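The structure appears below as structure tokens.
The values are calculated or read from the model by the stated rules, or taken from the named source; none is laboratory data. Treat the numbers as computed from the prediction; the structure is a model and nothing was measured. As a convention, Cβ positions derive from the backbone with ideal geometry for all residues, glycine included, and neighbour counts pool all protein chains shown. Heads up: the accessible areas ignore ligands, DNA and RNA and are worked out on the full protein's heavy atoms, side chains in. Shrake-Rupley method; radii C 1.70, N 1.55, O 1.52, S 1.80 Å.
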Amino acid sequence: MEDCLAKKMEITVSEAEKRTGRNAMNIQETYTAYLIETRAVESQSEGQCAPVESLWRRYSEFELLRNYLSVTYPHIVVPPLPEKRADFVWHKLSADNMDPDFVERRRIGLENFLLRVASHPVLCQDKIFYAFLMQEAGWKEMVNETGFQLKADSRLKALNATFRVKNPDKRFTELKHYSDELQSVISHLLRVRARVADRLYGVYKVHGNYGRVFSEWSAIEKEMGDGLQSAGHHMDVYAASIDDILEEEEHYADQLKEYLFYAEALRAVCRKHELMQYDLEMAAQDLTSKKQQCEELATGTVRTFSLKGMTSKLFGQETPEQREAKIKVLEEQIQEGEEQLKSKNLEGRDFVKSAWADIERFKEQKNHDLKEALISYAVMQISMCKKGIQVWTNAKECFSKM
């Protein structure tokens with residue numbers, strides 16, 4: 001962590017800007033661009049004012065970066081991006097992806113994504129990531145030159161590999177259950193939080209009505225007028241604070257959503273391992289088959305029914321020379337297969353070792369982050385309750401002075 005980029009560079013996504021342009025299909029579109037600003041930390045510690053480097057990126061470029069990282073580092077739980085369109089939205093808020101409040105929350109989420117990558121011991125050292133922060137022109141071409149898309153396309157068969165792996169690794173099976181449970185629990189938390197926000201909104205609106213009633217009532221009461229007006233003022237101030245509170249609530253909801261999306265990143269690591277395991281099993285099966293063919297040719301016996309065996313019976317046996325030539329080819333293929341199998345075994349062991357180290361790092365990060373978020377949310381709720389008690393204490397004092 002001492003050498004990570006986050007220790008050497010300040011990274012911020014400082015603003016968002018609505019733009020209009022033409023896409024690859026030459027169709028007019030409206031999109032949001034985000035300003036990324038970076039500043040070296042070292043020169044600041046030496047008392048110098050480091051210059052700020054800045055460039056604009058679209059959300060689609062953040063997506064391209066994350067796709068590249070996911071394919072290039074299959075053993076890593078790559079940090080997720082904030083949602084492109086609002087999900088688990090409390091119904092009083094806009095789900096429009098161009099809504100200013102949503103764009104602002106996404107700006108914060110994109111900054112958090114960059115800081116997560118910059119703090120990761122492996123991802124922070126990637127040259128494509130560094131270029132994403134520093135080089136606006138030609139960055140997409142640089143990514144495409146890596147050929148990562150070809151690797152990504154070839155791994156689509158991973159979707160079906162799960163059903164064909166004969167000996168799945170129990171640790172990754174358990175990890176998949178863990179990610180499913182994480183997603184289920186956080187989804188439930190987000191739904192509960194939306195219901196709490198709805199009730200909270202109702203409570204504050206009731207206080208707004210109290211404020212209006214007390215203010216109108218004060219106009220027709222001579223002796224009680226001042227007390228009623230003061231009480232109404234306290235109610236109005238309390239009701240007006242709902243927007244700030246709900247905005248703070250959305251911040252905690254976004255922290256939960258990040259781990260909702262992290263669950264999919266965990267499953268992606270599981271799928272990549274399943275694909276490697278499937279390739280390993282296929283290589284072992286192919287090697288076993290070739291060894292059996294070689295043995296049958298050498299001994300002249302066929303242990304299993306095959307079309308080749310039937311052909312020999314119908315049209316006669318092969319000559320010794322032909323058999324020797326086939327045995328030689330098979331022996332070469334067996335040698336290649338054994339080397340390939342050894343290589344895949346080593347690759348699999350390295351993957352498991354690296355993946356498990358990163359999963360442990362992720363779990364530690366998750367425990368810390370969710371604990372902080374839930375404690376902060378509880379403290380906020382307690383603070384709101386205290387504020388409500390204070391409002392009614394003040395109102396009681398106003399009523400007692402009448």
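Values for this structure:
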read-out: Answer label for P(r) over Cα pairs in 10 Å bins from 0, in percent (calculated), chosen among [x] 4, 20, 26, 21, 16, 9, 3, 1, 0; [y] 4, 21, 31, 25, 13, 5, 1; [z] 4, 15, 20, 19, 14, 11, 8, 4, 2, 1, 1, 0, 0; value: [z]
read-out: Helix 170-218 axis, angle to the chain major axis (alpha carbon atoms, nearest 10°); value: 10 degrees
read-out: Degrees, to the nearest 10: 100-119 long Cα axis against longest axis of the chain; value: 50 degrees
read-out: Per residue accessible area in Å² of the chain, where ligands, DNA and RNA are left out and the probe is 1.4 Å; value: 59 Å²
read-out: Apportionment of accessible area to carbon and sulfur, the chain, percent (1.4 Å); value: 53 percent
read-out: Positive-end residue, the chain charge dipole about Cα centroid, Cβ charges, pick of Val41, Gly227, Tyr73; value: Tyr73
read-out: Using alpha-carbon coordinates, inclination of helix 242-299 to the longest axis of the chain, degrees; value: 10 degrees
read-out: Among Glu296, Glu174, Glu274, residue whose mean-square fluctuation peaks in a GNM of the chain (springs only between Cα atoms under 10 Å); value: Glu296
read-out: The chain, relative contact order in percent, only Cα pairs under 8 angstrom and at least six apart counted; value: 18 percent
read-out: Estimated dipole of the chain in Debye, rounded to 20 [Cβ of Lys and Arg +1, of Asp and Glu -1, Cα centre]; value: 1280 debye
read-out: Estimated [θ] at 222 nm from DSSP helical runs (n ≥ 4, -39500 (n - 2.57)) normalised by residues in the chain, nearest 500; value: -24500 deg cm²/dmol
read-out: Choice from Ile359, Ile128, Ile389 with maximal GNM fluctuation in the chain (Cα, 10 Å cutoff); value: Ile389
